[in-house]
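The values are calculated or read from the model by the stated rules, or taken from the named source; none is laboratory data. Everything quoted here is computed from the prediction, not taken from an experiment. No Cβ is skipped: glycine too gets one built from the backbone with ideal geometry, and neighbour counts run over all protein chains shown. Only protein heavy atoms, including side chains, enter the accessible area calculation; ligands, DNA and RNA are left aside. Shrake-Rupley method; radii C 1.70, N 1.55, O 1.52, S 1.80 Å.
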Amino acid sequence: MPDISKEKISKELIQQSLAKSFSYEAYRVLVSELAEEGKSTGLEQSEALTTYTQLNNKRMKRWDKTLKLEDKSLEAITQLKRKITWLVLTESWCGDAAPALPVMHKLAELNSNLTLKIVLRDENDALMNQLLTNGSRSIPKLVAIDDVTHTVIAEWGPRSAAATKLVEDYKLKHGKLSPEFKQELQSWYNKDKGQSLVKDLLASLTLK
């Protein structure tokens, strides 16, 4: 999670986005209700996006119940003294968000100095356009905000460094991601048990 220019995202834009944000609990209720109604978040509605929303709802339920942190990760998160907000852009249909958001929530639960807030990508164009990944509106995308200065101190997303390498290697060989690879990536997330995500996110908390 590298440092980014403090001038890249204005304090006003941050506050505007935070004003529209969800807690993790509220976001989970929203996704669950949409899954039951056969809908998804976002401007586009389709059968495919509904199916992904329903899958992700089940995946997040499983992650919420089964995610465990290693002792060294538990110790590291308790060391955070700086007050930080993680503001995350996502949508209910995003497959990479299904494992990422529960991990973020688990870490935030363990230290009151860390707050997790979630906003929808399609309702926050100005923020998303400042956080493009290789020119694309890839999600989930997280910005770490210093609660005292209200400035962005780091960003992360849309995947852990380890998952990003898998994706880039596949694209280099095949050109684009296939449905089969996306399923394989979900299997990899399950086998990794969130540890790559934890490693990346904890690294951001060492920022001075």
### Message
For the condition without any contact (Cβ under 8 Å) to a residue 12 or more places away in the chain and part of a helix (DSSP H, G or I), what is the one hit in K176, K171, K182, K199?
### Response
K171
### Message
For the range 185-196, which positions are open to solvent by 30 Å² or more (accessible area, probe 1.4 Å) and assigned to a helix (DSSP H, G or I)?
### Response
S187, W188, N190, K191, D192, Q195
### Summary
All-but-one check, E75 against (1) farther than 25 Å from F181 by Cβ; (2) outside any helix (DSSP H, G or I); (3) open to solvent by 50 Å² or more (accessible area, probe 1.4 Å), failing number (2)
### Summary
Exception for K39 within (1) more than 17 Å from the chain's Cα centre (by Cα); (2) touching a residue at least 60 places away in the same chain (Cβ under 8 Å) falls at (2)
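Test of understanding: among L172, L201, which residue is out of contact with any Lys or Arg (no Cβ under 8 Å at 6 or more places or on another chain), within 27 Å of N124 (Cα to Cα) and at pLDDT below 95?
One residue alone meets the criteria, L201.
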### Task
Return only the number of the condition from (1) among the basic types (K, R); (2) under 15 Å from L30 (Cβ atoms); (3) in contact with a helix residue (DSSP H, G or I) (Cβ under 6 Å, 6 or more places away or on another chain) that K61 does not satisfy.
(3)
### Task
Test A154 against the stated conditions and say whether it is assigned to a strand (DSSP E or B), among the hydrophobic types (A, V, I, L, M, F, W, C) and either closer than 23 Å to L110 by Cα or in contact (Cβ under 8 Å) with a residue 40 or more places away in the chain (or both).
yes
### Query
Condition test on E91, is it surrounded by fewer than 12 Cβ atoms within 10 Å (Cβ to Cβ) and either at pLDDT 95 or above or not small (G, A, S) (or both)?
no
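Restricting to the range 10-21, count the residues that are surrounded by fewer than 18 Cβ atoms within 10 Å (Cβ to Cβ) and under 17 Å from the mean Cα position of the chain (by Cα).
Selection size over the range 10-21: 2.
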#### Entry: Only listed residue being open to solvent by 10 Å² or more (accessible area, probe 1.4 Å), of a type in the set (D, E, K, R) and over 27 Å from R62 (Cα atoms), chosen from K117, K81
K81
### Message
Within the range 141-179, take every residue that is among the aliphatic types (A, V, I, L, M) and buried (at least 22 other Cβ atoms within 10 Å of the Cβ) and give me the one that is nearest to G95 (Cα to Cα).
### Response
L142
### Query
Would a scan of the range 46-62 turn up a residue that is outside any helix (DSSP H, G or I) and touching a residue at least 40 places away in the same chain (Cβ under 8 Å)?
no
### Task
Kindly establish whether K106 is among the basic types (K, R), exposed (fewer than 15 other Cβ atoms within 10 Å of the Cβ) and farther than 19 Å from L185 by Cβ.
no
### Task
Please work out if E25 is farther than 29 Å from T151 by Cα and either under 15 Å from the mean Cα position of the chain (by Cα) or surrounded by fewer than 21 Cβ atoms within 10 Å (Cβ to Cβ) (or both).
no
